[in-house]
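S.K.: This is the structure I want to talk about, given as structure tokens.
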Amino acid sequence: MKYGNRSPWKRFFYSPIGIILACIVLFFLVRGGLSIHEKAIIAGQRLDQAQTELTDLQHQQSTLTSSIAQLSTTQGIEAELREKYHAVKQGESVAVIVNDSSIGSSSEGATSSPLTKTSWWGSLLQFIGF
């Protein structure tokens, strides 16, 4: 007798069918554990992404809060109108500041401002060399 005086449970678990069933159960347990591990990794990645998005939204909220605080004053509204629509108050004028670094840099030694307007006849004579 191969199994001797063993209990029926021991005979079942030590038989080839019992070992095959134990391997099948072990396979499904390991597969379930790996599935849970993969889901935990994905959840961690989503958590990191959500935290990054939260910090971006908090930064955007603070920017909007400061913009609202600025626009709640008349100076802030006026500054925003001037910036977006180039609006001026009545009686104000626009001042244009031009950099005059090109004066004195001509090759013939004659200094002529790019803002001075000459006639076409004068330009022709200057081109010829008179």
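For every residue, the table says whether it meets (1) part of a helix (DSSP H, G or I); (2) in contact (Cβ under 8 Å) with a residue 12 or more places away in the chain; (3) open to solvent by 90 Å² or more (accessible area, probe 1.4 Å).
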residue	(1), (2), (3)
ASN5	no, no, yes
ILE17	yes, no, yes
PHE28	yes, no, yes
LEU34	yes, no, yes
LEU64	yes, no, yes
ALA69	yes, no, no
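S.K.: Of everything in segment 114-130, what is at pLDDT 70 or above and assigned to a loop (DSSP other than H, G, I, E, B)? Give them in sequence order.
M.R.: THR118, SER119, GLY129, PHE130 - these are the residues of segment 114-130 that are at pLDDT 70 or above and assigned to a loop (DSSP other than H, G, I, E, B).
Here's the yes/no breakdown for (1) under 30 Å from TRP9 (Cβ atoms); (2) at pLDDT 90 or above; (3) touching a Gly at 6+ places or on another chain (Cβ under 9 Å):
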position: VAL25; (1), (2), (3): yes, yes, no
position: ARG31; (1), (2), (3): yes, yes, no
position: ASP56; (1), (2), (3): no, yes, no
position: SER105; (1), (2), (3): no, no, no
position: SER112; (1), (2), (3): no, no, no
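S.K.: Would you point out the residue of segment 73-100, among those that are open to solvent by less than 90 Å² (accessible area, probe 1.4 Å) and not hydrophobic (A, V, I, L, M, F, W, C), that is modelled with the lowest pLDDT?
M.R.: ASP100
The values are calculated or read from the model by the stated rules, or taken from the named source; none is laboratory data. This one's a predicted model, so the numbers in the text were calculated from it and none came from an experiment. Heads up, the Cβs are rebuilt from the backbone with ideal geometry, glycines too, and the neighbour counts pull from every protein chain shown. Protein only, heavy atoms only, side chains kept; ligands, DNA and RNA dropped before computing areas. Shrake-Rupley method; radii C 1.70, N 1.55, O 1.52, S 1.80 Å.
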